[in-house]
Each structure stands twice: as structure tokens, then as C-alpha cells.
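Contents: one structure, followed by commentary.
The values are calculated or read from the model by the stated rules, or taken from the named source; none is laboratory data. Since this is a predicted model, take the numbers as computed values, not measurements. Because the Cβ atoms are built from the backbone with ideal geometry, glycine has one as well, and the counts that use them run over all protein chains shown. Side chains included, ligands, DNA and RNA excluded: accessible areas come from the protein's heavy atoms. Shrake-Rupley method; radii C 1.70, N 1.55, O 1.52, S 1.80 Å.
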Amino acid sequence: MSSEEALANLHDTAAFWSIGSATAADVVRAACDCLVAGVDSPTLRILAGVSPVKGSEDDELRRWLADAFAELSLTYYGDESRKAEEEVLRIMARQLLAKKITPRELTSWVSRFITYAGTPLAGELINLESAYEYVEAVQEVRAQTSTRPDDLDAEVIAEARRLVGDSGTGRDQC
């Protein structure tokens with residue numbers, strides 16, 4: 001892994017952690033990966049050495065993370081930040097468009113970790129998760145419907161493109 005990839009991974013992992021979608025151990029592992037890739041700073045070394053002890057792991061991580069990010073010129077979002085939710089939402093949208101996750105995995109993840117109480121940017125994807133659930137329920141009782149999961153997939157992909165500012169013209173469809 002290159003130093004740029006390691007830094008990007010640390011940044012993304014910390015953003016996921018700040019909204020409850022990654023663990024403190026994931027962030028410590030990403031900090032260690034940075035050191036292995038040749039990225040170094042005094043507070044990054046401390047961060048990589050954090051030993052997550054059940055119950056206090058998040059406190060210890062919070063103690064060092066902001067300083068380590070400042071030393072590395074990375075954006076630190078803090079706990080439960082709307083900006084973190086928006087960043088992670090865009091990361092997940094890019095994963096969908098890169099075909100690393102499915103449309104349903106995206107809507108399910110957004111519904112679980114961001115919810116209606118989070119960033120308004122997630123609203124349409126949460127609505128689409130509800131639509132998936134509805135369509136599946138209808139299919140379970142063998143009722144007829146004109147909307148299929150494949151139709152919803154296309155809507156989720158379009159919403160992911162909108163979130164990352166990608167018109168999708170001239171590119172392969174997911």
C-alpha cells in the first residue's frame with residue numbers, strides 16, 4: 001500500500017468510526033498501516049499504539065486522533081458530525097459506482113448508520129431502502145407489483161451518481 005493510499009484509508013476509516021460504522025481497532029489498524037507505508041508523525045505513532053480496551057477504546061482514540069490528523073494534514077470530523085456522515089455517504093456511493101457493493105447494500109447501510117435523523121443527503125437512499133423492503137414484502141405474499149428490485153437498483157445508482165457529481169455519461173452502467 002502506498003503512503004497516499006494508507007493516508008486515505010486512515011481518513012476514511014476514522015470517518016466511518018465517527019458515525020459508528022467502524023471500530024476503534026479499525027482506526028488503530030489503519031494508523032499502523034500508515035506507519036508501515038512510511039507515513040510518520042509523533043502522534044500517529046501514539047495512535048498506532050493505542051490498545052483498545054473494552055469500554056475505553058473510543059476515549060483513548062479520541063484523545064489522539066485530532067492531533068494525529070492535524071499533523072498529517074487530514075480532515076478530522078469528530079464524533080457524529082454531519083460532515084462525517086456526508087463524507088462517508090459519498091465514500092459508500094463511490095463504492096457502489098465502482099461495483100464494490102450492491103445498490104441494496106448501500107441503501108441498507110445508509111438506513112442503519114445514518115437514518116432519517118442524519119444528513120438530509122441520505123434521505124432519498126433511505127426512502128429507497130423502504131421501497132426495497134416494500135417490494136420484497138409484496139413479493140413474499142406473491143402480490144403483483146410493477147416495481148422490481150432491479151428498478152430500485154437503477155434509482156439507487158442514479159442517486160449515488162448525483163451525490164458524487166457524476167452524470168454517468170460515457171460510462172458503463174452498473
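Observations, loosely collected:
- Options SER41, ILE101, LEU89, ranked by Cα towards positive dipole end of segment 29-114, top entry (Cβ charges): ILE101
- Cα centroid separation, segment 1-66 to segment 80-94 (Å): 18 Å
- Cα gyration tensor, segment 1-91 - rounded (a/c under 1.5), prolate or oblate: oblate
- Normalised by 2.2 N^0.38 Å, where N is the number of residues, the alpha-carbon radius of gyration of the chain equals 1.19.
- For the chain, the solvent-accessible area with a 1.4 angstrom probe is 55 square angstrom per residue.
- Degrees between helix 24-36 axis and first principal axis of the chain (Cα, 0 to 90, nearest 10): 60 degrees
- Apolar share of the accessible surface for the chain: 47 percent from carbon plus sulfur atoms, 1.4 Å probe.
- Value of relative contact order over segment 1-79, rounded to a whole percent, pairs C-alpha under 8 Å and six or more apart: 31 percent
- Accessible surface ranking that places the most exposed of GLU136, GLU159 first, with a 1.4 angstrom probe: GLU136, GLU159
- Degrees separating the helix 123-140 axis from the principal Cα axis of the chain, which is the longest one: 50 degrees
- Relative contact order computed over segment 85-159 (Cα-Cα under 8 Å; 6+ residues apart), in percent: 30 percent
- Taking trypsin sites (Lys or Arg not before Pro) as exposed when DSSP calls them loop and at most 12 other C-beta atoms lie within 10 angstrom, the chain has its longest site-free stretch at 1-53.
- Crossing angle, helix 149-164 versus the chain [Cα axis fit, 0-90 degrees, rounded to tens]: 40 degrees
- For the chain, built as a Gaussian network whose Cα springs stay under 10 Å, the top-fluctuating residue of SER108, SER51, SER73: SER73
- Relative contact order (percent, whole number), the chain, Cα cutoff 8 Å, 6+ residue spacing: 18 percent
- If you run the Gaussian network model on the chain, springs between alpha carbon atoms under 10 Å, then out of GLY123, GLY78, GLY38 the most flexible one is GLY38.
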